[in-house]
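Trainee: Handing you this structure, nothing more for now.
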Amino acid sequence: MAEPTSNPVLDLPPATSSEALARNGRARAAWMVSRSNSSHIGGAYSMADLLAVLYHDILKVRPSDPAWAERDRFILSKGHATAVLYAILAERGFFPVSELADYGANGSRLMAHVSHGVPGVEFSTGSLGHGLGFACGRALSARRTDQAWRVFTMLSDGELDEGSNWEAILFAPQHRLDNLVAIIDYNQIQSLGDVSEVLELAPLADKFRAFRWSVREVDGHDHRAIREALSAVPWEPGRPSCLVARTVKGKGVGFLENQLLWHYRAPNAAQLGQILGELGCEDRSGGGDRVPSPGAPAVK
Ligand SMILES: Cc1ncc(C[n+]2csc(CCOP(=O)(O)OP(=O)(O)O)c2C)c(N)n1
Ligand SMILES: [Mg+2]
């Protein structure tokens, strides 16, 4: 398929605010998921604002030097939702925005579950329940070698059903890892049902407090509130920080919001046009065309 010479999704005006970074990320993620006929737009949109604030205002990283030794580490534990992370990394300059066109295609490094082959990505995930344990290890190693960098990790709520998380939740305060920040994308929906009907987590903030974490709750789409909370970590010396972010799955586009089906569904060309319209990005690209990938199953 010949690439269009001008593509308004790839050629969006550069973001000069965290809000614009989130909007560009959402638009590009929808385009990527639609082209690759893959999944997880709902979980990408619920964390888009959190990621945008992290990458615009919080994380000390150098896009021109992704392996900079003093960088803060960000670990996406809910690796299925990586489309919007790739879009934000590209916009920040870790790799060319044009490469987003390869997302999910055979042979591309932009795999549909997050891959450390991509500049700016620390750890490959997708099998849920591994990011927090890895983040604990990185934070402990920084502590033991007197490094000042911090470790941030993003978990999903359904992911907390994995028992490995609860070992890590015990471990971090035991080792006084106040250089560790766990963000929970608390959108209340998993892949096949509501969190409350599959395995209730409430009262989630109290559970983390009982495990000796310092906890704050925030509206996960309020950039100012997110920025204020994450700028002030650690909130208590000697304790790891947990930001319980109340979010909406599919946030930002009316027909995607709080809809279980949009965990797995890929937008067709007409739906993509509607999404981009709601986000304020006109689609003239024909971008809903699927990436030719003969015989490849839809990514789950
Ligand atoms: C260990 C493991 N089991 C099952 C899956 C399949 N799977 C993909 S996403 C998902 C759950 C999605 O819900 P949630 O964790 O709440 O993520 P979000 O709502 O943020 O998309 C599951 C079970 C997986 N990726 N890893
Ligand atoms: Mg969820």
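Throughout, read-outs are computed from the coordinates displayed, never taken from laboratory work. None of the values given here were measured: they were computed from a predicted structure. Because the Cβ atoms are built from the backbone with ideal geometry, glycine has one as well, and the counts that use them run over all protein chains shown.
Trainee: Please report, in debye to the nearest 20, how large the charge dipole of the stretch 41-260 is about its Cα centre when each Lys and Arg carries +1 at its beta carbon and each Asp and Glu carries -1 there.
Mentor: Computed about the Cα centre, the dipole is about 680 debye.
Trainee: Sticking with this structure for a sec: Where in the chain is the longest stretch that carries no GluC sites (Glu not before Pro) classed as loop by DSSP and with at most 13 other Cβ atoms within 10 Å?
Mentor: Formally, the longest exposed-site-free interval is 71-199.
Trainee: Okay, moving on. Based on the alpha-carbon gyration tensor of the stretch 162-238 and its eigenvalue square roots a ≥ b ≥ c, which shape applies: rounded if a/c is under 1.5, prolate if not and a/b is larger than b/c, or oblate?
Mentor: Judged from the Cα gyration tensor, the stretch 162-238 comes out oblate (a/c at least 1.5, b/c at or above a/b).
Trainee: Right, another one. So, R0 is 22 Å and r is the distance between the beta-carbons of residue 258 and residue 278; what FRET efficiency does that work out to, to 0.05?
Mentor: The calculated FRET efficiency here is 0.90.
Trainee: Report the gain in length on full extension from residue 196 to residue 144: 0.36 nm times residue separation, minus Cα-Cα distance, nm rounded to one decimal.
Mentor: Contour length minus Cα-Cα distance gives 14.8 nm.
Trainee: Of the options 98, 134, 243, report the single residue whose Cα projects farthest towards the positive end of the charge dipole of the chain (beta-carbon charges: Lys, Arg +1; Asp, Glu -1).
Mentor: Going by the charge dipole, the pick is 134.
Trainee: Under the Kirkwood approximation applied to all pairs of distinct alpha-carbon atoms, what is the hydrodynamic radius of the stretch 124-185 in Å?
Mentor: 11.7
Trainee: Okay, moving on. More than 25 angstrom separation, counting every C-alpha pair in the stretch 41-260; what % is that?
Mentor: 35
Trainee: Mind ranking 20-30, 103-113, 48-58 by how tightly packed they are, going by the mean number of other C-beta atoms within 10 angstrom, highest first?
Mentor: Descending mean neighbour count gives 20-30, 48-58, 103-113.
Trainee: In the Gaussian network model of the chain, springs joining C-alpha atoms below 10 Å, which of 60, 78, 249 carries the largest mean-square fluctuation?
Mentor: Maximum fluctuation in the GNM of the chain, among the listed residues, is at 60.
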